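Asks: Let me give you the structure first, and then I'll get to my questions.
Just so it is clear, none of the values below were taken in a lab; they were calculated from the coordinates. Quick caveat: nothing in here was measured; it's all calculated off a predicted structure. Virtual Cβ from ideal backbone geometry, glycine too; neighbours counted across all protein chains shown.
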Amino acid sequence: MALSRKLVQQRSSVFGSRSMSWWRSVEPAPKDPILGVTEAFLADPSPDKVNVGVGAYRDDNGKPVVLQCVREAERRIAGNLNMEYLPMGGSVKMVEETLKLAYGENSEHIKDNRIAAVQALSGTGACRLFADFQKRFRPESQIYIPVPTWANHHNIWRDAHVPQKTFHYYHPETKGLDFAGLVDDIKNAPNGSFFLLHACAHNPTGVDPSEEQWKEISKLIKEKGHFPFFDMAYQGFASGDPERDAKAIRIFLEDGHLIGIAQSYAKNMGLYGQRVGCLSVLCEDEKQAVAVKSQLQMLARPMYSNPPVHGALVVSTILGDQELKTLWLKEVKGMADRIIGMRTALRENLEKVGSPLSWEHVTNQIGMFCYSGMTPEQVDRLTNEFHIYMTRNGRISMAGVTTGNVGYLANAIHEVTKST
Ligand SMILES: Cc1ncc(COP(=O)(O)O)c(C=O)c1O
């Protein structure tokens, strides 16, 4: 009896250890630098705490916002929606409206059916689908990524097994664009390289090229035969006007480039969790566009089969109705204007508390983020001493700044930067 119990124990430990060994080599993944900030913020019991980490819009009370146009679209949709699958390429209507925003209402390229476009899982999904497409059809290619960039760009192209190179973008001393470095890198890259460009409101720096600089960049990229891929996650958030924020893309189109674009409705429609976006690739002709679209669908099929329906219907309801579209444009402008107002308020408050440093870049930079120039150690002090949460690269999400916390924030920034 005693012997058989021992045998059972031995057996179970053998089986147990065998089954446990499957994942024994798995180490915990490093925390995501952006999402980890929110976790730490939520765990902090301090009543003074401020979250300027995550790139999601907040109203002047620090609360998440659902746009009125979205509420109204949802009201119209309610009860009329069945739960059938969308086609692999997603909602045709949503994609049609989305292309107009990027390529222009009267785009010849749209009329000529030269654009291969599919609904994507927001901007991230659009970038990932493109990276996989790039790997499948240009397996020898690399991607040139700006320094710095949204951290997830590195993960996306890494997981798609596309080798990465970087190009100069931000100049830490001027806290502006390193145009000379950027131009050199475009010139020195092997002909026919892929370049990842932020169409507007560059994340994390808030630094965009001027119109003249975009023209120059477009010309050089054309001369070198590079492929420009635009990530446009913030259309409308830079200037308050989606049309104006598409300017860089329009310059490239005028210059006759073939381009790719990732579009997202996370920020400009506040549809973060709905995961609505679009990937488009401008082709030489309709026949090529049909082929490219079919291959994009082929990539989507084994990953997620087809995209979610609700957010796409919200978008197509808003953009397909003049009254709702006008309301949306007004609300986008409202969000952008509040952020612009907070930039001015932050700079004024820093000057008021007597900071001797220059904070001009706070108002020069645009979009959701201010790349403050603070060091990781200064950010640590903000968090540890003042309960202010942000990424260690010194990026302040201006969307988290409010009339109520801007004074506190400015004072804390002054405290941690005054000895530099
Ligand atoms: C530059 C950039 N691209 C893409 C995205 C993707 O966002 P989403 O997948 O939520 O559309 C973000 C979000 O922060 C971003 O900043």
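Asks: Along the positive direction of the dipole of the chain (beta-carbon charges: Lys, Arg +1; Asp, Glu -1; about the Cα centre), which of Pro242, His161, Asn405 reaches farthest?
Replies: My answer, from the dipole projection, is His161.
Asks: Same structure, new question: On average, how much area does the Cα convex hull of segment 333-407 cover when viewed from any direction, in nm²?
Replies: 4.8 nm²
Asks: So between Tyr85 and Glu105, what do we pick up on full extension, going 0.36 nm a residue minus the alpha carbon distance?
Replies: Length gained, Tyr85 through Glu105: 4.4 nm.
Asks: Further question: Multiply the residue gap between Val147 and Val183 by 0.36 nm, knock off their C-alpha separation, and tell me the result in nm, one decimal place.
Replies: On the way: separation 36, 0.36 × 36 = 12.96 nm, distance 1.35 nm.
Fully extending the segment from Val147 to Val183 adds 11.6 nm.
Asks: Calculate the FRET efficiency for Asp337 and Ser294 from the Cβ-Cβ distance with a Förster distance of 60 Å, rounded to the nearest 0.05. Please report the intermediate quantities before stating the final value.
Replies: Numbers: r = 42 Å, r/R0 = 0.71.
Computed FRET efficiency for Asp337 and Ser294 comes out at 0.90.
Asks: Kindly state, to the nearest 0.05, the FRET efficiency for Glu284 paired with Val66, given R0 = 35 Å and r defined as their beta-carbon distance.
Replies: Once rounded, the FRET efficiency stands at 0.25.
Asks: What residues of segment 343-368 lie in the reach of a label at Lys418, counting those whose backbone N is under 20 Å from a point 7 Å from the Cα along Cα→Cβ?
Replies: Residues passing the 20 Å test: 346-360.
Asks: Among DSSP beta bridges lying fully in the chain, give the percent that are antiparallel, nearest 5.
Replies: On the way: 18 of 36 bridges.
Looking only at bridges with both residues in the chain, the antiparallel portion is about 50 percent.
Asks: A further question on this structure: Using a Förster distance of 60 angstrom, determine the FRET efficiency expected from the C-beta separation of Asn191 and Thr326, and round it to 0.05. Can you show the working numbers first?
Replies: Numbers: r = 45 Å, r/R0 = 0.75.
After rounding, the FRET efficiency stands at 0.85.
Asks: Taking the chain as a Gaussian network, where each spring joins two C-alpha atoms under 10 Å apart, which residue of Gln142, Gln263, Gln119 fluctuates the most?
Replies: It is Gln142.
Asks: Using only the alpha carbons, work out the radius of gyration and Dmax of segment 140-257 in angstrom.
Replies: 13.5, 39
Asks: In addition: Just want to confirm a number: the relative contact order over segment 86-320, from Cα pairs under 8 angstrom separated by 6+ residues, in percent.
Replies: Answer for segment 86-320 is 31 percent.
Asks: I need the P(r) histogram for segment 85-198: all alpha carbon pairs, bin width 5 Å from 0 out to the longest distance, whole percents.
Replies: Values per bin, smallest distances first: 2, 10, 17, 16, 17, 17, 13, 5, 2, 0, 0.
Asks: Follow-up. Which value, in debye to the nearest 20, describes the size of the charge dipole of the chain about its Cα centre when Lys and Arg Cβ atoms bear +1, Asp and Glu Cβ atoms bear -1, and nothing else is charged?
Replies: My answer is approximately 1680 debye.
Asks: Distance in nm between label sites at Ala29 and Glu74, each 7 Å beyond Cα in the beta-carbon direction?
Replies: 2.8 nm
Asks: Ok, one more. May I ask you to compute the full-extension gain from Met303 to Glu351, defined as 0.36 nm times their residue separation minus their alpha-carbon distance, rounded to one decimal in nm?
Replies: 12.2 nm
Asks: Lys165: which aspartates and glutamates have alpha carbons under 16 Å from its alpha carbon, excluding same-chain residues fewer than 8 sequence positions away?
Replies: The qualifying aspartates and glutamates are Glu140, Asp184, Asp185.
Asks: For q values of 0.10, 0.11, 0.12, 0.14 Å⁻¹, compute log₁₀ I(q)/I(0) with the Debye formula on a Cα-only model of the chain, without solvent.
Replies: Scattering profile of the chain, log10 relative to I(0): -0.73, -0.86, -1.01, -1.31.
Asks: Defining a contact as two alpha carbons under 8 Å apart and six or more residues distant in sequence, what relative contact order in percent does segment 195-342 show?
Replies: So the answer I get is 22 percent.
Asks: Got the relative contact order for the chain handy, in percent, Cα pairs under 8 Å and 6 or more residues apart?
Replies: It comes to 25 percent, rounded to a whole number.
Asks: On to the next question. Based on alpha-carbon atoms only, what is the radius of gyration of segment 35-132 relative to the globular estimate 2.2 N^0.38 Å?
Replies: Taking N as the residue count of segment 35-132, the ratio is 1.51.
Asks: What residue among Ile366, Thr326, Leu296 has its Cα farthest toward the positive end of the dipole of the chain, where the charges are +1 on Lys, Arg and -1 on Asp, Glu, each on the Cβ?
Replies: Leu296
Asks: Between Rg and the Kirkwood Rh of segment 86-320, both from Cα atoms, what is the Rg to Rh ratio?
Replies: Details: Rg = 16.5 Å, Rh = 17.6 Å.
With Rg and the Kirkwood Rh in hand, the quotient comes to 0.94.
Asks: Considering only DSSP states other than H, G, I, E and B, which trypsin sites (Lys or Arg not before Pro) in segment 19-95 qualify as loop sites with at most 10 other Cβ atoms within 10 Å? List each step's numbers first, then the result.
Replies: Details: sites: Arg24, Lys31, Lys49, Arg58, Arg71, Arg75, Arg76, Lys93; in loops: Arg24, Lys31, Lys49.
Listed in order of number, the matching sites are Arg24.
Asks: Would you kindly calculate the mean projected area, averaged across all directions, of the convex hull enclosing the Cα atoms of segment 132-200, in square nanometres?
Replies: 5.0 nm²
Asks: Sticking with this one: Which three lengths, in whole Å and largest first, does segment 219-270 cover when its Cα atoms are put on their principal axes?
Replies: Sorted largest first, the three principal extents are 37, 17, 12 Å.
Asks: Moving on to the next point. Taking the radius of gyration and the Kirkwood hydrodynamic radius from Cα positions alone, what is the Rg/Rh ratio for segment 270-328, to two decimal places? Write down the numbers at each step before the final one.
Replies: Values: Rg = 14.5 Å, Rh = 13.6 Å.
My calculation puts Rg/Rh at 1.07.
Asks: Just want the ordering: Glu39, Glu105, from fewest to most Cβ atoms lying within 10 Å of their own Cβ.
Replies: Arranged by neighbour count, lowest to highest, Glu39, Glu105 become Glu105, Glu39.
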